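These notes concern the structure reproduced below.
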Amino acid sequence: MLDKYNFRESEPKWEKFWQENNVNSFDKNSKKEIFSIDTPPPTVSGKIHIGHIFSYSQADFVARYKRMRGYNVLYPFGFDDNGLPTERLVEKEYGVKAHELSREEFQEMCMNTVEKYEKEFKELFIRDGISADWAHSYNTISKRVQKLSQKSFLDLVKKGHAYYGEKPAIWCPECQVSIAQAELESKDIASTFNHIKFYISGSKDYLEIATTRPELLSACVCVFVNPDDKRYAHLVGKKVIVPLYDFEVPVLTDEKADIEKGTGAVMCCTFGDETDLYWQQKYNLPIKEAISDGGRMTSLAGKYEGLKIKKAREEIIADLKLNDLLISQEEIVHAVATHERCGTPMEIKIKKQWFISLVDNKKLFLENGEKINWYPNFMYSRYSNWVDNVDRDWCVSRQRYFGVPIPVWYCSKCGKIILADEKDLPVNPLTTKPSKTCECGSTDFIPESDVFDTWQTSSITPQINAMWGEDDEMYKKIMPMSLRPNAHDIIRTWDFYTIAKSYYHSNCLPWKNVMVSGFVMADKNEKISKSKSNSKMSPEMLLNEKSADVTRYWASTGSLGRDIVFSEEEFKNGAKLVNKIWNASKFVLSFLENYEPKQTKLLPMDEWIIAKFNQMQKYFIDYFEKYEIGLAMAELERFFWNFCDNYIEIAKNRLYKPEIYGESAKESAQFACFVVLKEMLKMFAIYLPHITEEIYQNYFVRFENIKSIHNTEISAIAVKTPEEIISNGDEVCDIVSKIRRYKSENNLSLKEEIELLTIQGYSNFVKRVEYDIKAVGNVKEIKYQDGDKNIDIKMLNK
RNA sequence: GGGAGUUUAGCUCAGUUGGUAGAGUACCUGCCUUACAAGCAGAGGGUCAUAGGUUCGAGUCCUAUAACUCCCACCA
């Protein structure tokens, strides 16, 4: 019935079949309970790596499980295509710089690139058997999503959660864009502590100050010492002279000046770091800008104007040396906040920007986060840890091109902010004008040219999926969504912002459950990274060389939330399992040709395997309800190998030889084989959708009358089995195992005939299945006696 | 410095409510058994990180400690 299995032919065949037959479709009109998944829209940045395959497969297991447990599953799939990653990709692919082109030209390039990659991504995910409903897909740059993103923004403005303000923002001089706190990454960078002379005004003495950023001397506004620092008490209130620039700054005191650090005296520049910002605000210090948006020195820096930060630092140090102002240098490694995308140390710049308030509502975000079930549970502390530490509002303006426009204008006369009308969305303020005149009567407006941070849009994926503002009934039905699956790196961005937005928009949770998957590591302590190209296998290689099913098996093996090190070895078990499933099915089905399933009087060992199956399924379901997909699989797998190695070995004699054991003994085995294999395959279908479909379509489809195995339901086998059957049957396996051990220890073939088997101390149950024991052990005669549990074997030729 | 995770067989990991230490893999031994040698059967292999405590009984609960990992903070 089944022949050879060739995954290279079979897998794409069924993938096509599923798409054509809408096997994974969400049914809007169904009365079934909805299970909805807020799939992470992958960033279009060129490559999908095996980490994606790993975590998307894990989410897919849940989708398939829920579908087969009778839920109406909404499994949408989006692409996050706007934003910096795409721009960088396009700049690289076309060899252009965004700012050298017109906005339209550049956007068109982006659109083309995005389209190309999204097609590739989609094909790859389909190839992995991801059962998303592609009719419910979206991309963040589409008109529809732009509209929702802008609607979200306007809603926040109206509710007072988004505001326009001139505030210090975190600035990346490399990307020339403002970034959010969540986009910072702390990096250990080698630097030099430079001990510099600040002469005391009107004196030959100097104050020694240690700094890693001498290039900011021109932006120095004062010097701080600790109020308790006796060394400098005499200088407080005096003035010191900034070296090279020869202007005076006051010496002030503040607790934040650390006596232990450096020399205990610190220069405050606007802005070298967050502490400078703190001091500037606390003491209302003047603001001096020494660094331009592009990371070059401004005219304030005098002769260093135009130099890049690093170069300016070198030259200033050289000049300090030359003028005998440098006392000493000390090599250090210190943590520096950098832009996670490019690794450039951040700067602080005062900019007029749009912000979404976060700091004021931290408590509510924590409370809402706590209401969500986090799997594994400890991942909640990642979230709460982050929220606790948030100390700035979310800057959402980006001085970039390919993104959702901020739908506002500013009156050129009175400066009033004009918001776009919701009915006009999506709006591009650069190409359209407000529909009415300004209150001051002016009709001249300055359009906002910034676009949104990409997270401003990605943080409303539940709203996008639930048709917010488009279908109220659907929105009420879907929100909060059932599940958010994502890896642990984006808890602080995607999870956090999404929780915040849902609270602001609808005072609700975005989802009930979060399932956090681990990372695939290239090596211990080494993340897979594109730049290092340390990933030994690409997703394409895995899918084409190992098969999608085997790759998915690999994805099922890790513990939820824990990182795993990639190892090709781990694919061996999957390959063995797939092969075994095929062979076992082939064998079992060879006895089921022309079989018509009918309830028969079952023999005990057939009841046993059914009872074992039902028991295993309970554990399986328990694990799945906790999103423990790996443990669920282990449970199923263990049962399956037991089914093969014990049950089939027992049953096959009755299947082969009805003339000896009787027709009804065969029918009993047939029934058990039929139901157990069928139900087992359904469970395997969650993980191994292709091979199980192949077997199902070859045989079981005509009994189930359902077009795909993936549309069937997982359920217990409805056969009543006696209470004691499991332990009784296990005892039989124990006896069989002892027989095998005897033969193995005596270097005998397992088919060697046993003249006399004496079974001692086992329950009476074994007598009832004597024929099975005889058959599987090739035993001529069995005797029973009382005593401690044991067996004795007599061979003829011994 | 704050938060979290991990530590069980050579390796990768299970171990539910406390009750005689488990699987897979590797190694070793045997078996061509009328599905599968990508198979089957079997053997050896563990002071459950350490030290205390609770308990009749602790891998499991409590307290400390150590090592490794991750997140956050640390830019003078």
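The values are calculated or read from the model by the stated rules, or taken from the named source; none is laboratory data. Since we're looking at a predicted model, the values are computed, not measured. Glycine also receives a Cβ, built like all others from the backbone with ideal geometry; neighbour counts cover every protein chain displayed. Only protein heavy atoms, including side chains, enter the accessible area calculation; ligands, DNA and RNA are left aside. Shrake-Rupley method; radii C 1.70, N 1.55, O 1.52, S 1.80 Å.
Quickly run through the stretch A:739-755 and pick out the residues that are within 8 Å of RNA strand B (Cβ to nearest atom) and part of a helix (DSSP H, G or I).
A:740, A:741, A:743, A:744, A:745
Do you know which residues across the stretch A:756-785 are more than 24 Å from residue A:666 (Cα to Cα), in contact with a strand residue (DSSP E or B) (Cβ under 7 Å, 6 or more places away or on another chain) and outside any strand (DSSP E or B)?
A:761
Has the stretch A:380-388 got any residue that is surrounded by 16 or more Cβ atoms within 10 Å (Cβ to Cβ), aliphatic (A, V, I, L, M), within 12 Å of RNA strand B (Cβ to nearest atom) and modelled with pLDDT under 95?
no
In the stretch A:489-523, which residues are part of a helix (DSSP H, G or I) and in contact with a Gly (Cβ under 7 Å, 6 or more places away or on another chain)?
Selection gives A:499 alone.
Within the stretch A:156-169, track down each residue that is buried (at least 20 other Cβ atoms within 10 Å of the Cβ), outside any loop (DSSP other than H, G, I, E, B) and modelled with pLDDT of 95 or more.
A:156, A:162
Name the residues in the stretch A:612-628 that are away from RNA strand B (no atom under 11 Å from the Cβ) and farther than 19 Å from residue A:726 by Cβ, would you?
A:624, A:625, A:627
Per-residue answers, yes or no, for (1) open to solvent by 70 Å² or more (accessible area, probe 1.4 Å); (2) in contact with a helix residue (DSSP H, G or I) (Cβ under 8 Å, 6 or more places away or on another chain); (3) farther than 26 Å from residue A:15 by Cβ; (4) more than 15 Å from RNA strand B (Cβ to nearest atom):
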{"residue": "A:478", "(1), (2), (3), (4)": "no, yes, yes, yes"}
{"residue": "A:526", "(1), (2), (3), (4)": "no, no, yes, no"}
{"residue": "A:546", "(1), (2), (3), (4)": "no, yes, no, no"}
{"residue": "A:563", "(1), (2), (3), (4)": "no, no, yes, no"}
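Which condition does residue A:375 not pass, out of (1) in contact with a Lys or Arg (Cβ under 7 Å, 6 or more places away or on another chain); (2) open to solvent by 10 Å² or more (accessible area, probe 1.4 Å); (3) away from RNA strand B (no atom under 15 Å from the Cβ), if it passes all the others?
Going through the list (1) in contact with a Lys or Arg (Cβ under 7 Å, 6 or more places away or on another chain); (2) open to solvent by 10 Å² or more (accessible area, probe 1.4 Å); (3) away from RNA strand B (no atom under 15 Å from the Cβ), residue A:375 breaks only (3).
Answer with yes or no whether residue A:492 is under 21 Å from residue A:60 (Cβ atoms) and either of a type in the set (Lys, Arg) or more than 17 Å from the chain's Cα centre (by Cα) (or both).
It is false that residue A:492 is under 21 Å from residue A:60 (Cβ atoms) and either of a type in the set (Lys, Arg) or more than 17 Å from the chain's Cα centre (by Cα) (or both).
Hey, could you check the stretch A:489-518 for residues that are surrounded by fewer than 19 Cβ atoms within 10 Å (Cβ to Cβ) and within 12 Å of RNA strand B (Cβ to nearest atom) and say which is farthest from residue A:538 (Cα to Cα)?
Among those that are surrounded by fewer than 19 Cβ atoms within 10 Å (Cβ to Cβ) and within 12 Å of RNA strand B (Cβ to nearest atom), it is A:490.
Could you say which residue among A:257, A:233, A:219 is among the hydrophobic types (A, V, I, L, M, F, W, C), within 44 Å of the chain's Cα centre (by Cα) and either more than 9 Å from RNA strand B (Cβ to nearest atom) or modelled with pLDDT of 95 or more (or both)?
One residue alone meets the criteria, A:219.
One line per residue, one yes/no per condition, for (1) buried (at least 21 other Cβ atoms within 10 Å of the Cβ); (2) out of contact with any Phe, Trp or Tyr (no Cβ under 7 Å at 6 or more places or on another chain):
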{"position": "A:551", "(1), (2)": "yes, yes"}
{"position": "A:568", "(1), (2)": "no, yes"}
{"position": "A:577", "(1), (2)": "yes, no"}
{"position": "A:590", "(1), (2)": "no, yes"}
{"position": "A:593", "(1), (2)": "no, yes"}
{"position": "A:609", "(1), (2)": "yes, no"}
{"position": "A:618", "(1), (2)": "no, yes"}
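Out of A:249, A:266, A:223, which single residue is under 24 Å from residue A:310 (Cβ atoms) and either touching a Cys at 6+ places or on another chain (Cβ under 9 Å) or of a type in the set (A, V, I, L, M) (or both)?
Matching residue, one of A:249, A:266, A:223: A:266.
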